[in-house]
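The structure appears right after this line, and notes come after that.
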Ligand SMILES: Nc1ncnc2c1ncn2[C@@H]1O[C@H](COP(=O)(O)OP(=O)(O)OP(=O)(O)O)[C@@H](O)[C@H]1O
Ligand SMILES: [Mg+2]
């Protein structure tokens with residue numbers, strides 16, 4: 001986190017992107033950086049905590065009062081805004097369409113509305129657009145960008161480019177422009193290639209009347225060029241030394257298994273992946289124990305080991321208790337598998353990619369105070385890879401307290 005940088009937080013749906021992005025914003029502000037957080041659809045309470053309940057087109061300061069109430073330094077310069085994809089898109093159309101009538105035609109066009117309202121990539125594009133806007137104004141030392149839910153993290157980066165390719169496809173231009181000039185639109189649509197373009201457009205935006213698609217392209221000819229130019233600039237920013245990506249994941253087997261492919265894909269695309277956060281890793285007590293000690297097992301988890309023998313015959317007579325012990329034992333096994341998997345993952349990480357591991361916060365991360373508490377796990381001292389590896393080895397060796 002340095003002055004002038006931008007952090008883009010990626011990850012699969014529900015792993016904690018919004019939470020991590022907000023916490024990183026706080027960490028940045030604590031480092032003395034004037035920080036802007038662009039957040040996407042935060043939970044109601046987090047939205048209130050960040051003071052962004054009212055729709056705002058620009059970042060608003062959390063304010064001294066809110067910071068003070070959460071026990072934070074009231075002079076922190078932390079600003080937040082909720083991404084409003086529709087507003088961002090409309091802003092772009094207004095900017096890039098000089099002709100008033102064309103602008104109104106676009107804004108009222110059913111295909112445009114569908115495209116900006118439904119298409120998953122439209123949110124991604126809007127987030128990047130907001131980022132570019134803030135970055136080029138240069139008002140902030142650090143910008144943290146949360147990203148919309150996506151089935152896979154890379155989708156966020158691909159969707160806008162895919163949209164751009166489609167808007168920019170010679171086929172789309174060829175298909176729709178002649179109609180404007182009084183050409184033979186109906187004949188062209190009969191060709192297989194033309195039907196393919198329409199199908200692709202519909203895949204993005206949902207089925208739409210052909211007339212509204214063609215009207216959109218006609219009205220938006222000038223605008224599309226502006227949008228594409230803008231997208232190219234945004235892409236350049238993403239590939240510049242200013243932008244760094246943070247990938248959030250959890251220690252779940254499937255997620256960690258997918259992560260290396262994603263890391264490789266980012267490297268191939270020349271995107272600067274600077275950190276990986278493994279979120280919701282064990283509980284806070286176990287985390288602290290592992291971070292602070294290189295011996296034994298976290299007491300909470302280790303105590304489960306002795307439970308069955310301590311209770312002895314009682315378990316035979318109390319099936320409910322037996323079920324509880326079984327549940328705890330499965331928690332312990334899962335915990336150790338998570339440790340072993342995360343240790344192996346950490347070891348295989350390419351040089352230059354930092355790793356932070358954050359635990360499940362018992363009381364959740366909804367208010368500002370809890371967010372500040374969560375953010376501490378992103379700061380030093382961290383749970384180090386060596387500690388995890390040592391713990392995994394102790395487990396393998398059957399060490400028990
Ligand atoms: N370390 C944590 N401990 C406890 N709760 C957490 C933690 N991280 C995230 N959560 C909670 O999990 C839920 C999902 O987190 P969050 O909204 O940050 O995920 P997301 O990746 O942004 O989801 P989406 O893909 O839907 O945008 C929230 O209720 C959040 O408070
Ligand atoms: Mg989110």
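The values are calculated or read from the model by the stated rules, or taken from the named source; none is laboratory data. The shown structure was predicted, so the numbers you read here are calculated from the model rather than taken from an experiment. Note that each Cβ is placed from the backbone with ideal geometry, even for glycine, and that neighbours are counted across all protein chains shown.
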Please specify each residue of region 49-81 satisfying the condition of being within 16 Å of ligand 2 (Cβ to nearest atom) and over 17 Å from the mean Cα position of the chain (by Cα). 49, 50, 52
Residue 278: passes all of (1) within 16 Å of the chain's Cα centre (by Cα); (2) farther than 13 Å from residue 339 by Cβ but (2)
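Matching residues to (1) surrounded by 15 or more Cβ atoms within 10 Å (Cβ to Cβ); (2) part of a loop (DSSP other than H, G, I, E, B):
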| site | (1), (2) |
| --- | --- |
| 290 | yes, no |
| 308 | no, no |
| 324 | no, no |
| 339 | yes, no |
| 378 | yes, yes |
Considering only region 8-27, how many residues are in a loop (DSSP other than H, G, I, E, B) and within 6 Å of ligand 1 (Cβ to nearest atom)? 4
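What helices (runs of 4 or more DSSP H), lying completely within region 34-97, carry at least 1 residues that are in the same structural domain as residue 229 (by TED's automatic domain parsing) and touching a strand residue (DSSP E or B) at 6+ places or on another chain (Cβ under 6 Å)?
Working: elements: 44-50, 64-69, 85-96.
Ranges flagged: 44-50.
Here is a yes/no grid of residues against (1) assigned to a strand (DSSP E or B); (2) at pLDDT below 70; (3) surrounded by 22 or more Cβ atoms within 10 Å (Cβ to Cβ):
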position: 135; (1), (2), (3): no, no, yes
position: 182; (1), (2), (3): no, yes, no
position: 193; (1), (2), (3): no, yes, no
position: 200; (1), (2), (3): no, no, no
Just to be sure before I move on: is residue 29 more than 20 Å from residue 134 (Cβ to Cβ) and away from ligand 2 (no atom under 16 Å from the Cβ) in the structure I sent? no
